[in-house]
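The values are calculated or read from the model by the stated rules, or taken from the named source; none is laboratory data. Just so it is clear, the model here is predicted, and its values are computed rather than measured. Here the Cβ positions follow ideal geometry from the backbone for every residue, glycine too, while neighbour counts run over all protein chains shown. Remember, those area values only see protein heavy atoms, side chains included, never the ligands or the DNA or RNA. Shrake-Rupley method; radii C 1.70, N 1.55, O 1.52, S 1.80 Å.
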Amino acid sequence: MAPLSLFSLFLCCFLPLLSPATSTNSEGNALHALRRRLSDPTNVLQSWDPTLVNPCTWFHVTCDSTNHVIRLDLGNSNISGTLGPELGQLQHLQELYKNNIRGKIPNELGNLKNLVGMDLYGNRFEGKIPKSFAGLKSLRFLRLNNNNLTGSIPRELTALSNLKVLDVSDNDLCGTIPVDGPFAMFSMPSYANNNRLNGPELKGLVPYDFGC
């Protein structure tokens, strides 16, 4: 059997070591794009250095054993700004925690198929709850309370069979409350202080967006 050439040896031995860096680099690029949207007066994101290939060394970022970003926690960091579509590139993200964020919730968050917990409460989000959240099949916790969200609760969210905790209280939501799927078990405090929310949906009697 002929000996391996130097090029073949490189392919066999070194390329497998480079592939994780390639994936983490794309995640690092996404996080750096997010950083540019954020105001960071106390420099808590100083470690988010785009010249470092692996974002797993950055503060407020948690990775799994394969160097994929699975948790982003900027809570209580005095950070403000907006979220952008780049977060949709963090395909392994499982948990997203609160910040002091304004603007609309990006539709691209619906691409995070592995997301288990989304805690975006206590921000200044406005606009509607994205219908794209229906794609978050692993989601168990959805807390959007204490924001400025408007519009109706998307009926598409009734397809989230794993959803165990929902809190959309203290917003400006309207229409009626879904009663299908996991929504059958959520109590009224989950919807409190939405003055234009008209109570549980009465199928066939009023449209779900009645009062919007």
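List of remarks:
- Solvent-accessible area assigned to carbon and sulfur over region 20-85 amounts to 49 percent, based on a 1.4 Å probe.
- Residue-averaged [θ]222 nm for the chain, counting only DSSP H segments that reach four residues, each worth -39500 (n - 2.57): -5000 deg cm²/dmol
- The length gained by stretching the chain between ASP172 and THR51 to full extension, at 0.36 nm per residue less their Cα-Cα distance, is 39.3 nm.
- Amide proton proximity set for ILE79, modelled H, under 5 Å, gap of 5+: ASN100
- Reducing region 78-111 and region 163-212 to their Cα centroids gives an inter-centroid distance of 24 Å.
- Potential lengthening between ASN148 and ALA184 on full extension [0.36 nm per residue; Cα-Cα distance subtracted]: 10.5 nm
- Listed candidates (i) 20.8, 79; (ii) 16.2, 50; (iii) 30.4, 116 - label of the one calculated as Rg and Dmax of the Cα atoms in Å: (i)
- Qualifying trypsin sites (Lys or Arg not before Pro) in region 147-197, DSSP loop, other Cβ atoms within 10 Å at most 14: LYS164
- In degrees, nearest ten, helix 15-37 long axis to first principal axis of the chain (Cα): 40 degrees
- Along the chain, counting only chymotrypsin sites (Phe, Trp or Tyr not before Pro) with a DSSP assignment other than H, G, I, E or B and at most 16 other Cβ atoms inside a 10 Å radius, the longest segment between sites is 60-209.
- Calculated FRET efficiency for the pair ASN193/LYS164, C-beta based, R₀ 25 Å, to 0.05: 0.70
- Each of ILE101, PHE59, LEU173 was scored by the projection of its Cα onto the charge dipole of the chain, and the greatest displacement toward the positive side belongs to LEU173; charges sit on the C-beta of Lys, Arg, Asp and Glu.
- Within the same chain, aspartates and glutamates fewer than 8 places from LYS203 are excluded, and of the rest, those with a Cα less than 20 Å from its Cα are GLU156, ASP180.
- About the Cα centre, charge dipole magnitude for region 55-188 (Lys/Arg +1, Asp/Glu -1 at Cβ), debye: 120 debye
- Per-pair calculated FRET efficiency, R0 = 22 Å: ARG36 and THR62 via Cβ, rounded to 0.05: 0.55
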